[in-house]
Each structure stands twice: as structure tokens, then as C-alpha cells.
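Visitor: Just passing along the structure, written as C-alpha cells.
Please treat every number below as a calculation from the coordinates, not as lab data. Quick caveat: nothing in here was measured; it's all calculated off a predicted structure. For neighbour counting, all protein chains shown are included, and Cβ atoms are generated from backbone atoms with ideal geometry for every residue, glycine included.
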Ligand SMILES: *Cc1c(COP(=O)(O)O)cnc(C)c1O
């Protein structure tokens with residue numbers, strides 16, 4: 001069976017070199033005589049894996065020393081609860097509503113305090129990034145929440161809002177490691193690993209140390225940042241194999257040349273797709289404002305549902321899979337995460353051109 005080009009939004013494509021490496025170490029990791037999956041998380045061999053994963057992430061993202069890196073479970077969605085439970089002291093937050101994931105975080109935070117929606121793009125099915133009027137910001141808010149890359153709608157917040165002393169909390173699930181960022185501008189960065197970091201089951205949280213304080217009384221023990229930070233993400237069994245594969249992904253990024261290089265490749269890939277869409281008579285991108293366009297997730301439509309379905313079907317037969325759009329947007333979506341090779345994007349664009357010619 002031949003491998004396909006997988007444009008899935010998540011879980012998504014992993015670098016082939018990483019899968020091969022994992023395969024070669026599947027039965028025996030190093031001189032341990034066992035698979036990473038079979039190891040005690042307290043063993044020497046495993047300890048070096050998790051330490052190395054953290055060191056690589058710190059190096060690649062240039063994470064300052066006053067930030068903790070936590071390897072947790074429960075997906076990005078658990079963070080929607082964990083963040084308010086740990087950070088809501090004055091019980092007021094600001095939030096930018098840019099899509100379904102921001103909405104879920106909004107709903108969850110609303111259970112514990114007041115959420116001030118400072119800007120929203122709901123009026124146009126979240127196909128743009130709304131202007132943030134700084135006079136609407138509460139300087140006394142516990143935190144300011146954004147979803148930086150909106151996986152479903154294909155938008156991204158390119159310029160971070162100036163939140164003053166209010167910590168910026170950001171969901172980077174679908175854009176972490178795609179380009180260099182200044183970690184010091186954030187209070188918390190979190191991401192489910194299954195888009196750009198590794199397999200599902202691992203959730204990475206990068207949190208400024210002063211934000212790790214006593215959580216609300218009602219907080220379940222597993223939802224306390226303090227506990228995980230004090231125990232080096234080893235309070236209980238962490239997602240050991242997912243962390244191991246994440247480590248391999250980080251090695252792959254480092255060998256490639258780090259996030260500068262990653263960004264160069266990612267912008268090139270995204271430009272190829274947007275260029276085609278902007279010049280096509282059949283296809284168009286659902287996000288028109290160039291600054292708002294995600295470089296990871298690109299939704300597009302023909303304007304004709306039957307034609308969309310035909311496209312998805314024929315693309316699948318040609319080995320370009322998981323291009324069906326999210327049900328709330330319709331049409332198609334190409335997720336072109338770090339691990340999607342340039343050749344995959346070239347094949348996609350060639351296929352779109354061919355389809356357009358054949359279906360005029
Ligand atoms: C996929 C995704 C989530 C949900 O992640 P889970 O790990 O499934 O909870 C949250 N936010 C964004 C931006 C996502 O892309």
C-alpha cells in the first residue's frame with residue numbers, strides 16, 4: 001500500500017523520517033531491550049526521553065527560563081477548563097471570538113466568571129480576524145484569550161494585541177512550531193500535539209512561572225498547573241509514547257534548520273495554494289484578507305456543492321486525501337502542516353488545475 005498525501009486537519013500527517021525512526025526503535029529502544037511503550041515512566045531511559053523533548057522544545061522555540069513546559073493529557077479542550085480554574089482570580093477575562101475553538105474556550109470560562117468578548121467575526125462565519133478596539137480591553141482582566149490559528153476557518157491572528165500587563169493566553173494547537181514566535185509575549189501557550197507536534201494524547205503547555213499559583217478550590221487535582229509543574233509532568237503517568245514521537249518531531253525540525261527554515265517552507269507552501277486559488281476561475285479561498293490567512297489550514301470552495309463533492313472524491317482517488325471541509329464551512333480544506341512535504345502541495349495544485357480544466 002502506497003502512502004497518500006494526507007491533508008487532514010488533525011490528527012494529521014507526521015514526517016516520514018519520524019515514522020521510520022519510530023519503526024526502527026519500535027521493538028528495542030537503545031539498549032533497553034524494550035519498546036518505549038513498555039517502559040516505566042520513572043526509568044532512566046524514559047527520563048532521558050522526556051528531558052530531551054523538553055530541552056529540544058526550549059531550544060527550538062527559544063523559551064525563556066521563567067517559563068515551565070508541561071507535558072499533559074486531555075487535549076487542548078481540557079485547557080479550556082484548566083486555564084480559568086487556575087487563572088481566574090478576579091473572575092473577569094477578555095476574549096476574541098474567532099471561531100469554534102475560541103467559542104468553546106469562551107463557554108467553559110463563562111462557567112467560572114465573566115467573559116468580555118472584545119471582538120468577534122461570527123457575523124461572517126469567522127472568515128476574517130476582527131479589529132480589536134483597545135478601549136474595550138479591561139486592564140484588570142485575569143487574562144486575555146485568543147485562538148491564534150483558527151483550524152476550521154483558516155484564519156490566523158498575525159499581529160498580537162497589546163494587552164499591557166494582562167497575560168495573553170493563546171491556543172496554538174494548529175500553528176505551534178510553524179514559524180518563530182516570541183514566547184515572552186505570552187502568559188500561556190498551549191497546543192494539542194496532534195496537528196504539528198506528534199500523535200494525539202499529548203497536550204503541551206508553556207506557562208510563565210508567575211501564573212502558576214493556587215487554583216480554585218473546586219479544581220480537580222489533575223487540573224492544577226502547580227501540581228504538574230512541581231512534579232516535572234510526572235505526577236502520574238504522562239503520555240509516554242506520544243512524548244517520544246514528539247521528541248522525534250522536534251529532532252526533525254532541528255535538523256531541518258529550526259523554525260526559521262520551517263517558516264520559509266510553510267510560507268512557500270501556503271503561497272502556492274493561495275496563488276492558485278486567487279487566479280482560479282473555479283476555486284476560491286474562503287478567507288480573502290491576505291493578512292488573516294492561515295499558513296496551516298486553507299479552506300476553499302467552488303461555489304457549487306456537487307462540484308465540491310466531485311473534487312473531494314476524485315482527489316481521494318488520486319491519493320490526495322482528507323480534503324473535505326469542516327461541516328460549518330463546507331467545501332474543501334487543505335491542512336498543510338509542517339510535515340506536509342512541498343511535493344504534496346505541488347501535487348494538490350496540479351490536481352486542482354487539472355480538475356478545473358476538465359470541469360469547465
Ligand atoms: C484541534 C484543536 C483543538 C482541540 O484539540 P483537542 O486536543 O482535540 O482537544 C483546540 N483548538 C484548536 C485551535 C484546534 O485546532
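Yes or no, residue by residue, for (1) buried (at least 24 other Cβ atoms within 10 Å of the Cβ); (2) closer than 30 Å to residue 258 by Cβ:
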position: 124; (1), (2): no, no
position: 146; (1), (2): yes, yes
position: 152; (1), (2): no, yes
position: 157; (1), (2): no, yes
position: 165; (1), (2): no, no
position: 178; (1), (2): yes, yes
position: 183; (1), (2): no, yes
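Visitor: Every residue in the range 78-104 that is touching a residue at least 60 places away in the same chain (Cβ under 8 Å) and within 22 Å of residue 151 (Cα to Cα), please.
Guide: 78, 79, 81, 82, 83, 94, 96, 100, 101, 102
Visitor: Going residue by residue through the range 89-97, is there one that turns out to be in contact with a strand residue (DSSP E or B) (Cβ under 6 Å, 6 or more places away or on another chain) and assigned to a helix (DSSP H, G or I)?
Guide: Within the range 89-97 (the criterion being in contact with a strand residue (DSSP E or B) (Cβ under 6 Å, 6 or more places away or on another chain) and assigned to a helix (DSSP H, G or I)), the answer is no, since none of the residues qualifies.
Visitor: Take the range 103-126 and flag every residue that is away from the ligand (no atom under 16 Å from the Cβ) and assigned to a loop (DSSP other than H, G, I, E, B). Before you say what the answer is, go through the steps one by one.
Guide: Residues of the range 103-126 that are away from the ligand (no atom under 16 Å from the Cβ), as a first pass: 110-120, 122-125.
111, 112, 113, 125, listed by residue number.
Visitor: What is the residue count in the range 138-152 for residues that are more than 13 Å from the chain's Cα centre (by Cα) and not in a strand (DSSP E or B)? It would help to see each step written out before you state the result.
Guide: Filtering the range 138-152 for residues more than 13 Å from the chain's Cα centre (by Cα) gives 138-145.
In the following step, the residues that additionally are not in a strand (DSSP E or B) were identified as 138-143.
Adding up the residues that qualify gives 6.
Visitor: Oh, and also: Quick one: in the range 215-231, of everything that is closer than 18 Å to residue 109 by Cα and in a loop (DSSP other than H, G, I, E, B), which residue is farthest from the ligand (Cβ to nearest atom)?
Guide: Once the filter is applied, the top-ranked residue is 217.
Visitor: State all residues of the range 67-102 that are more than 23 Å from residue 140 (Cα to Cα) and away from the ligand (no atom under 16 Å from the Cβ); if no residue qualifies, say none.
Guide: Residues satisfying the conditions are 68, 69.
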